[in-house]
Ligand SMILES: *Cc1c(COP(=O)(O)O)cnc(C)c1O
């Protein structure tokens, strides 16, 4: 493979490991399970620990299998480096642990994955001031900024209501103010959208979802896109300023976020995710077209009160979604009309499975207010635009006709 050539998204993922001279010619990066690593001699051990030469120290901070996946994620996001974590929440938690201190302020979209919302409540309890804003309009983000604002955090297509953040203009605002812009790209994946293109400094991916793509491994990642100048960040410890400033953020996150808190990705999980990632582009094309067909069918059905999918012309951010994203992704949600029992409806589905994951090959469906958003209570749900009857669908790669037929039959019984 020619290192210099500018290969496409899938070619790059498929052939990236081989560029590093893979062990024994194995076409898959082997699963390394060793926790400790040997060196030429004791002096080399010391010099690896002191960061004077490359090498692995201890499995918690990284290993060859994980490092190969980190490199793949970096290529997908066209960043300068990535760190993998045990879960997507491990990655987002590391942003909090490594970069925020009591007295800091952050602005977050209020349309968030439920556990991220809960994490920011935890941060608030520890002295970080968090402003939740409607990030579909940059004006709300700008109005919330204070001199203590360290970062702005948004999702691309918010789970579960599919609001699309004002991604480009928030990027311009953060750049003008020297604020770190963190984008959770889980719902779009780097195949549909690269947050770097709108000025994100750090990109979150829950690898558990579409990148792994088969519901068989948990994982998360943070990618430094190289856009943010870490010289501007006030909380980088002297220890992590030894290399060029472009490395400071990841150096501190790897030590303070991964090493100290220990949410390390397992090598077996890294292998599953790497294999899954090979077909990311194919799956995203298929789930996006299935989701669009399903959204259109639901929107035309008289028993359905509302459908939320950025691919529908009725979606408030349909226009910018079309400009920013390659297609509209696998997440949609909808509300049934009053008086229809959503549990009866769910129980009539034969293919779509009631379960709480996203980005699986199989279509998964869940009543949001009764499950994943139950803990936060009705008031906070209402403020996040979550109706009590909201149903979330993670559309899979089933044959389109079978999928539509499953929903059509279940609706017919309402
Ligand atoms: C699932 C998800 C996460 C968390 O990922 P886990 O691997 O489940 O911890 C974070 N952000 C978004 C948008 C998600 O959908």
Region 351-379: number of residues that are touching a residue at least 24 places away in the same chain (Cβ under 8 Å) and not in a loop (DSSP other than H, G, I, E, B): 4
Single match in 251, 176 (criterion: in a helix (DSSP H, G or I), under 19 Å from residue 66 (Cα atoms), without any contact (Cβ under 8 Å) to a residue 24 or more places away in the chain and away from the ligand (no atom under 16 Å from the Cβ)): 251
Any chance residue 320 is on the phi < 0 side of the Ramachandran plot and modelled with pLDDT under 95: no
The lone exception for residue 161 - which of (1) farther than 23 Å from residue 85 by Cα; (2) away from the ligand (no atom under 15 Å from the Cβ) it fails: (2)
Matching residues in region 72-99 - criterion: being more than 16 Å from the ligand (Cβ to nearest atom) and touching a strand residue (DSSP E or B) at 6+ places or on another chain (Cβ under 6 Å): 74, 79, 80, 81
Residue 69 being over 24 Å from residue 235 (Cα atoms), at pLDDT 95 or above and within 16 Å of the ligand (Cβ to nearest atom): yes
Long-range neighbours under 7 Å by Cβ, at least six apart or interchain, first residue in the same structural domain as residue 233 (by TED's automatic domain parsing) within region 142-155, second loosely packed, with under 12 Cβ neighbours inside 10 Å and assigned to a loop (DSSP other than H, G, I, E, B): 148/103
Residue identified as in a loop (DSSP other than H, G, I, E, B), out of contact with any helix residue (DSSP H, G or I) (no Cβ under 9 Å at 6 or more places or on another chain), in contact (Cβ under 8 Å) with a residue 24 or more places away in the chain and closer than 19 Å to residue 111 by Cα among 316, 310: 316
Residue in region 268-290 that is in contact (Cβ under 8 Å) with a residue 24 or more places away in the chain, touching a strand residue (DSSP E or B) at 6+ places or on another chain (Cβ under 6 Å) and within 30 Å of residue 137 (Cβ to Cβ) present: no
Any chance residue 332 is assigned to a helix (DSSP H, G or I), crowded, with 20+ Cβ neighbours inside 10 Å and at pLDDT 95 or above: no
Selected residue (only one of 258, 292, 282 is within 28 Å of residue 389 (Cβ to Cβ) and assigned to a helix (DSSP H, G or I)): 292
Region 179-202: number of residues that are away from the ligand (no atom under 16 Å from the Cβ) and either closer than 14 Å to residue 324 by Cα or touching a residue at least 60 places away in the same chain (Cβ under 8 Å) (or both): 6
Failed item in (1) buried (at least 19 other Cβ atoms within 10 Å of the Cβ); (2) at pLDDT 95 or above, with residue 275 passing the rest: (1)
Helices (runs of 4 or more DSSP H) wholly inside region 42-159 containing at least 1 residues that are more than 21 Å from the chain's Cα centre (by Cα) and surrounded by fewer than 17 Cβ atoms within 10 Å (Cβ to Cβ): 42-49, 114-125, 138-144
Test: residue 119 is at negative phi, within 14 Å of the ligand (Cβ to nearest atom) and modelled with pLDDT of 95 or more: yes
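The values are calculated or read from the model by the stated rules, or taken from the named source; none is laboratory data. It should be emphasised that the depicted structure is a prediction, and the values quoted were computed from it without experimental measurement. FYI the Cβ positions are ideal-geometry reconstructions off the backbone, even for glycines, and counts take in every protein chain you see.
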